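Asker: Dumping the structure here so I can ask a few things about it.
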Amino acid sequence: MKTLSEDLIQDLIERTRQTLNATEILKQEPFNLLNWKPAPERWSVLECIEHLNLYGDFYLPEIARRIRESQKPAEPYFKPGLLGDYFAKSMLPREKLNKMKTFADKNPNASDLTIDSMDRFISQQKELLVLLNKSRSVSLSKTKTAISISKLITLRLGDTFRVVIYHNQRHLVQANKVLNLQAQPEVVKA
């Protein structure tokens, strides 16, 4: 389904601002709560955020380069690609998050993390806002980006933004669930 390119960009900017604001609020929590894990195989708040940093390390430079090199002018409408639309929709947060396998190089479990992970993610969100604004000058449909799981598959720039931003929202929901678990009296804090 076609969407006005400007409407898509505005929606993604708003989602990114919400993520940025929520992360700045999360950062105010005591470090021991941010580092607490409900179980050894589950992620702490900091691990959720570091997972997003690892993806941002790939996608932000990739998006920036593709915008910089694009020769395709902006178009009034964006039409998602079949694969990109599927990936984006699978990342959207839901009431009950469906489990997804994390690639080993993007799995922060058992990492020795500091509050720097939060600062890095906040910085990445600010960079994402700049890239969204820059994307107004290029085609969201004809400008293509590589994806982190295979250099052979490309997505439309608009879809790549959707995947990254929805993925950020998804794991922020997860991080808040971890934080809320700590408030439950039956949870024993280590």
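Asker: Can you work out which of the residues in region 120-175 that are farther than 24 Å from residue 74 by Cα and without any contact (Cβ under 8 Å) to a residue 60 or more places away in the chain is surrounded by the most Cβ atoms within 10 Å (Cβ to Cβ)?
Answerer: Here the answer is 123.
Asker: Then there is this: Just one of (1) closer than 18 Å to residue 142 by Cα; (2) at pLDDT below 95 trips up residue 96, so point out which.
Answerer: Tallying (1) closer than 18 Å to residue 142 by Cα; (2) at pLDDT below 95, residue 96 fails exactly one: (1).
Asker: So, one more: So how many residues does region 147-160 have that are touching a strand residue (DSSP E or B) at 6+ places or on another chain (Cβ under 9 Å) and either under 12 Å from residue 8 (Cβ atoms) or β-branched (Val, Ile, Thr) (or both)? Reasoning before the result, please.
Answerer: Applying the first criterion (touching a strand residue (DSSP E or B) at 6+ places or on another chain (Cβ under 9 Å)) to region 147-160 yields 147, 152-160.
Pick out the ones that are also either under 12 Å from residue 8 (Cβ atoms) or β-branched (Val, Ile, Thr) (or both) and you get 147, 153-154, 156-160.
Final tally of qualifying residues: 8.
Asker: Now a separate question. Give just the number: which of (1) at pLDDT 95 or above; (2) not in a loop (DSSP other than H, G, I, E, B) does residue 32 not satisfy?
Answerer: Of the numbered conditions (1) at pLDDT 95 or above; (2) not in a loop (DSSP other than H, G, I, E, B), the odd one out for residue 32 is (1).
Asker: Based on this model, can you work out whether residue 53 counts as among the polar types (S, T, N, Q), outside any loop (DSSP other than H, G, I, E, B) and surrounded by 17 or more Cβ atoms within 10 Å (Cβ to Cβ)? Walk me through how you get there before you give the answer.
Answerer: Details: among the polar types (S, T, N, Q): yes; outside any loop (DSSP other than H, G, I, E, B): yes; surrounded by 17 or more Cβ atoms within 10 Å (Cβ to Cβ): yes.
Yes.
Asker: May I pose another question? Test residue 131 against the criterion of being part of a strand (DSSP E or B) and at pLDDT 95 or above, and give yes or no. Even if it seems obvious, please write down each step before you answer.
Answerer: Values: part of a strand (DSSP E or B): no; at pLDDT 95 or above: yes.
No: the conditions fail for residue 131.
Asker: Filter region 57-92 for residues that are assigned to a helix (DSSP H, G or I) and of a type in the set (A, V, I, L, M, F, W, C) and give the result. Give the derivation first.
Answerer: Here is the first cut: in region 57-92, the ones assigned to a helix (DSSP H, G or I) are 57-69, 82-91.
Passing the criteria: 58, 60, 63, 64, 67, 82, 83, 87, 88, 91.
The values are calculated or read from the model by the stated rules, or taken from the named source; none is laboratory data. What you see is a predicted model, and the numbers here were worked out from it, not measured in a lab. Note that we place each Cβ from the backbone using ideal geometry, even for glycine, and neighbour counts take in every protein chain shown.
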